[in-house]
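The values are calculated or read from the model by the stated rules, or taken from the named source; none is laboratory data. The structure presented is a predicted model; accordingly, all values stated were derived computationally and were not measured. With ideal geometry, Cβ positions are generated from the backbone for all residues, glycine too; neighbour counts draw on all protein chains shown. Surface accessibility is based on the protein's heavy atoms, side chains included, excluding ligands, DNA and RNA. Shrake-Rupley method; radii C 1.70, N 1.55, O 1.52, S 1.80 Å.
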Amino acid sequence: MNLILMGAPGAGKGTQSAKISEKYHIPAIATGDILRGAIKAGTELGKAAKSYIDAGQLVPDSVVIGIIKEYLASDECKNGFILDGFPRSIPQAEALDEMGVKIDVVLSIEVADDKIVERMSGRRVCSCGASYHVAYNPPKTEGVCDKCGAALYIRADDAAETVKNRLATFHAQTEPLKEYYSKKGLLVTVEGQEEVADTTALVYRALQSFEA
Ligand code: ADP
Ligand code: ZN
């Protein structure tokens, strides 16, 4: 299954992509995680991406398209993949089409803006990619990752002001992709729920008909 996961920042893409990855044994490619990793490692890519991420804007298309090309060409993605956070603009979607990548389904997790703001303020993340919420999805031990034991942290771009910018960017540049994929007959939507497990149940059900 070749899947694109869409949704506003904080809609729960990362959390649900981990669940889908577990169930279907396909890797999740999260452009946000890749970019944050590059920033942490101090690479050229990281240096190019940092100012955009900090401002809540999109990193230039050419940069992320290059990343995706490389990942999708790897053996790991042979039997399917989840794209979490890509494409995020019409030019990115067109680039994906030009790569000749066949997409089976585009799943959009719908969450209203006011809910998003509330969620971001409680989000805690781990450098391994795991994501938690202090109230809705707490780790077993406060501040510690269940998966790898590392200390959790608050993402710099989860600051209230930056969240506003990210939401504006989402509505202006990413949301038009829903129409783009709907026209291709690929769009499936799921209402994001308060409880992670409830959303996962809806996601699994939505994907059932796309199983190989
Ligand atoms: P969220 O979906 O919660 O906003 P991500 O971790 O997916 O978080 O992305 C964080 C930031 O990384 C985005 O706000 C953006 O600046 C950058 N980014 C991630 N994916 C892309 C992409 N496909 N195109 C451009 N910028 C991206
Ligand atoms: Zn971890």
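Give the residues of segment 111-150 that are in contact with a strand residue (DSSP E or B) (Cβ under 8 Å, 6 or more places away or on another chain), away from ligand 1 (no atom under 14 Å from the Cβ) and in contact (Cβ under 8 Å) with a residue 24 or more places away in the chain, sorted by residue number.
Result: ASN137, ALA150.
When you look at GLY80, is it more than 15 Å from ligand 1 (Cβ to nearest atom), more than 16 Å from LYS13 (Cβ to Cβ) and touching a strand residue (DSSP E or B) at 6+ places or on another chain (Cβ under 7 Å), yes or no?
Considered against the rule, which asks whether it is more than 15 Å from ligand 1 (Cβ to nearest atom), more than 16 Å from LYS13 (Cβ to Cβ) and touching a strand residue (DSSP E or B) at 6+ places or on another chain (Cβ under 7 Å), GLY80 comes out as yes.
Taking the residues in segment 50-73 that are open to solvent by 20 Å² or more (accessible area, probe 1.4 Å) and within 17 Å of VAL163 (Cα to Cα) as candidates, determine which candidate is farthest from the chain's Cα centre (by Cα).
Restricting to residues being open to solvent by 20 Å² or more (accessible area, probe 1.4 Å) and within 17 Å of VAL163 (Cα to Cα), the top hit is SER51.
Could you list, in sequence order, all residues of segment 132-146 that are within 15 Å of ligand 2 (Cβ to nearest atom), modelled with pLDDT of 90 or more and either within 15 Å of the chain's Cα centre (by Cα) or open to solvent by 40 Å² or more (accessible area, probe 1.4 Å) (or both)?
TYR132, PRO138, LYS140, THR141, GLU142, VAL144, ASP146
Filter segment 161-212 down to the residues that are assigned to a helix (DSSP H, G or I), charged (D, E, K, R) and over 18 Å from the mean Cα position of the chain (by Cα) and list them by number.
Selection gives GLU161, GLU179, LYS183, ASP198, ARG205.
Scanning segment 74-94 for residues that are hydrophobic (A, V, I, L, M, F, W, C) and buried (at least 17 other Cβ atoms within 10 Å of the Cβ), which turns out farthest from the chain's Cα centre (by Cα)?
Filtering first and then ranking leaves CYS77.
Specify the residue that is most open to solvent (accessible area, probe 1.4 Å); the eligible residues are those in segment 1-49 that are more than 16 Å from ligand 2 (Cβ to nearest atom) and in a strand (DSSP E or B).
Per the criteria, the residue is ASN2.
Would you mind stating whether ARG124 is of a type in the set (Lys, Arg) and over 24 Å from LEU186 (Cα atoms)?
yes
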